1. Residues Q66, Q31, Q71: which one is out of contact with any strand residue (DSSP E or B) (no Cβ under 9 Å at 6 or more places or on another chain), at pLDDT below 90 and surrounded by 10 or more Cβ atoms within 10 Å (Cβ to Cβ)?
2. V25: within 17 Å of the chain's Cα centre (by Cα) and open to solvent by 70 Å² or more (accessible area, probe 1.4 Å), yes or no?
3. For the range 3-22, which residues satisfy the criterion of being open to solvent by less than 100 Å² (accessible area, probe 1.4 Å) and in contact with a helix residue (DSSP H, G or I) (Cβ under 9 Å, 6 or more places away or on another chain)?
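The values are calculated or read from the model by the stated rules, or taken from the named source; none is laboratory data. Not measured: the values here are computed from a predicted model. Please note: Cβ atoms are built from the backbone with ideal geometry, for glycine as well, and neighbour counts cover all protein chains shown. The accessibility values were calculated without ligands, DNA or RNA, using every heavy atom of the protein model including side chains. Shrake-Rupley method; radii C 1.70, N 1.55, O 1.52, S 1.80 Å.
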Amino acid sequence: MDIKRVKDYFYWLYFQYLLITCSYVLEPWEQSMFHTITVTVLAMVLYTAYVFIPIHVRLAFEFFSQMFGGQSESTV
């Protein structure tokens, strides 16, 4: 893949992000604050999903396996 095409694609994605969030109308210092808050919130959501989703999936699996007649770990 051509480097220029990849670079243009990322510029296009960034422009779409600016259009969707309407942050292109902000002043530069407001844009940097907005981007910082957005990245921080996204990082917190991803970290929370990474930590808690596997726990909830395991608990749901245990619940449904006991519900449908599976043996619990203490009897195995």
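1. Being out of contact with any strand residue (DSSP E or B) (no Cβ under 9 Å at 6 or more places or on another chain), at pLDDT below 90 and surrounded by 10 or more Cβ atoms within 10 Å (Cβ to Cβ) holds for just one of Q66, Q31, Q71, which is Q66.
2. Taking the combined requirement at face value, the residue does not satisfy it.
3. Those that are open to solvent by less than 100 Å² (accessible area, probe 1.4 Å) and in contact with a helix residue (DSSP H, G or I) (Cβ under 9 Å, 6 or more places away or on another chain): Y17, L18, T21.
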